[in-house]
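Accompanying notes for the structure given below.
The values are calculated or read from the model by the stated rules, or taken from the named source; none is laboratory data. Predicted model only: the values in this text are computed from it and were never measured. We place every Cβ from the backbone using ideal geometry, glycine too, and count neighbours over all the protein chains shown. These accessible areas exclude ligands, DNA and RNA; they are computed on the full protein's heavy atoms, side chains included. Shrake-Rupley method; radii C 1.70, N 1.55, O 1.52, S 1.80 Å.
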Amino acid sequence: MLATAMLATVVVTTGCGGDGEQTPPADGQALYEKPHDDGNTFACATCHALAEPTADGYTRPAHTIGEAALRPNYKNGQLTSFLDAVNTCREHWLGTTAFAEDDPRWLALEAYLGGVAEETLGGAQAAPLSFDIVDAPDDIMGGDHEVGEDTFNRTCIVCHGASAVGTERAPAIAGTILTGDFVALKIRRSGNAESAIYPNLTPGRMPFWAADRLSDGELRDIIAFLAMSEPVIDVSDNTGGERVDLSQDGAQEGCTKSHVLVGSSLTFSTKAHAVAGTATVIDDCTIHLDDFSFDGGGIDVHVFGGSDGNYSGGVDLTGNLVGNSFDGGDAVIRLPGGVSLDQFDGLSVWCVPVGFSFGDGQF
Ligand code: HEC
Ligand code: HEC
């Protein structure tokens, strides 16, 4: 689904050559402001402003390039040619090939950006730029979701749209189930994973945000905001009825979605008593069981959390299920007070007195 939505529009050009039409001269400003015919939906101006603060008030992921034509070097000193710097962006971010040095489009873009630099600097040389690509912080909790919405709507908005509803440049994030750690990784490390210029990126068309473009504090606020958005993947009961609540008394509710397991699913193996179905971690204290089956037999049977497939001595997540039969319905387990997702990585329909799993799986 996502991949299809992200495919660049294929621009079919007709009428060139054969019927006597002239190719219009390349317009440097348009090549800066608009997507390129042979590229994806990104323009230079999607990621770079010429100068800041910007007219629209947005902060874009990459640094300003109004002075770039007159910088002595590029990309932390790794490149000395302006054309090479721009071509890296063509290849890495616009998803197309490098400009040849005599390509009229390059000459037009160079003339435009050269003119902007000349105007800004009055003939002086620009200072070189340096920036740090950093790891996602270990601690991503504690942000302010209201501040985060404003921050999102000043930064990520350029591609993901207001309040993360998506645009032709990037998918919706509101309403998807993602872990906070994954969002943090996208912000800090997304890009062309093959890149020699930017090492250690995690694959994606989204550009990373260097340390000085977005602080860890802003990152936490954005994650707090995204965690408040409701899931759109359908977690309601697919039979139209209510989810059966298997939680113990005093179970937790209203948790954030920050744990690395949020969004993970497992499929129960069937070992005894017709156990089947899937389980999905919805937030830090909620697990949904879908299409869940269990014939209700046994002596004292609970859903247990365990690690590495080991459930004896695991964490008891429900009351005794014996006598309740489930035939492909949906249920919810909210974690008991004091229990956290850190304590297990899989679930079993566990027969306590015998120490036997009727069916289990790992997230
Ligand atoms: C998807 C985002 C994206 C797009 C689109 C993009 N760039 Fe970049 N560009 C970056 C990132 C990220 C960097 C490296 C970090 C930085 O400079 O902020 C960069 C760096 C550069 C640099 C080097 C800056 C320096 O001094 O080190 C230049 C020049 C540049 N881009 C020009 C362009 C031009 C011209 C276009 C349009 C053809 C373009 N970029 C399109 C993201 C993008
Ligand atoms: C220059 C455009 C651009 C900007 C700005 C941008 N993104 Fe993205 N983002 C994308 C694109 C394109 C994708 C899908 C491809 C990919 O995963 O890299 C994406 C994907 C993502 C994903 C993964 C979604 C999924 O379902 O897998 C997350 C999370 C995300 N972006 C968060 C952010 C946040 C937070 C910000 C602001 C700090 C931001 N993005 C800014 C373009 C952008």
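Things to note:
- Tabulated pairs, segment 67-78, first not assigned by TED's automatic domain parsing to the domain that holds residue 48, second in a helix (DSSP H, G or I) and open to solvent by less than 60 Å² (accessible area, probe 1.4 Å), C-beta under 7 angstrom, 6+ apart or interchain: none
- Of the criteria (1) open to solvent by less than 30 Å² (accessible area, probe 1.4 Å); (2) more than 8 Å from ligand 1 (Cβ to nearest atom); (3) part of a loop (DSSP other than H, G, I, E, B), which one residue 72 fails: (1)
- When segment 238-253 is filtered for residues that are assigned to a loop (DSSP other than H, G, I, E, B) and either modelled with pLDDT under 85 or in contact with a helix residue (DSSP H, G or I) (Cβ under 9 Å, 6 or more places away or on another chain) (or both), the ones remaining, listed by number, are 238, 239, 240, 241, 242, 243.
- When 93, 106 are checked against the criterion of being under 24 Å from residue 186 (Cβ atoms), open to solvent by less than 60 Å² (accessible area, probe 1.4 Å) and at pLDDT 95 or above, 93 stands alone in meeting it.
- Checklist (1) acidic (Asp, Glu); (2) over 20 Å from residue 245 (Cα atoms); (3) part of a strand (DSSP E or B) applied to residue 342, failing item: (3)
- Selection of segment 154-175 for residues being more than 6 Å from ligand 2 (Cβ to nearest atom) and more than 20 Å from residue 257 (Cβ to Cβ) yields 154, 157, 161, 162, 167, 168.
- Boolean, residue 41 is assigned to a loop (DSSP other than H, G, I, E, B), touching an Asp or Glu at 6+ places or on another chain (Cβ under 8 Å), more than 29 Å from residue 211 (Cβ to Cβ) and not assigned by TED's automatic domain parsing to the domain that holds residue 208: no
- Per-region count, segment 159-198, residues without any contact (Cβ under 8 Å) to a residue 60 or more places away in the chain and closer than 30 Å to residue 77 by Cβ: 10
- Checked against (1) assigned to a helix (DSSP H, G or I); (2) without any contact (Cβ under 8 Å) to a residue 40 or more places away in the chain; (3) within 11 Å of ligand 1 (Cβ to nearest atom), residue 98 meets all criteria but (1).
- The residue that is nearest to ligand 1 (Cβ to nearest atom), counting only those in segment 154-172 that are over 13 Å from residue 219 (Cα atoms) and open to solvent by 30 Å² or more (accessible area, probe 1.4 Å), is 169.
- Residue 313, sole failed condition from (1) part of a loop (DSSP other than H, G, I, E, B); (2) open to solvent by 50 Å² or more (accessible area, probe 1.4 Å): (1)
- Where residue 323 falls short, out of the listed (1) open to solvent by less than 30 Å² (accessible area, probe 1.4 Å); (2) over 32 Å from the mean Cα position of the chain (by Cα): (1)
- The condition (being modelled with pLDDT under 95 and either open to solvent by less than 40 Å² (accessible area, probe 1.4 Å) or not aromatic (Phe, Trp, Tyr) (or both)) is satisfied by just one residue among 51, 55, 111: 55.
Residues are listed down the side, and each one gets a yes or a no for (1) of a type outside the set (A, V, I, L, M, F, W, C); (2) surrounded by fewer than 18 Cβ atoms within 10 Å (Cβ to Cβ); (3) under 20 Å from residue 288 (Cβ atoms):
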residue: 307; (1), (2), (3): yes, yes, no
residue: 328; (1), (2), (3): yes, yes, yes
residue: 331; (1), (2), (3): no, no, yes
residue: 348; (1), (2), (3): yes, no, yes
residue: 363; (1), (2), (3): no, no, yes
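- No other residue among 180, 191 is within 14 Å of ligand 1 (Cβ to nearest atom) and either farther than 19 Å from residue 88 by Cβ or open to solvent by less than 30 Å² (accessible area, probe 1.4 Å) (or both) apart from 191.
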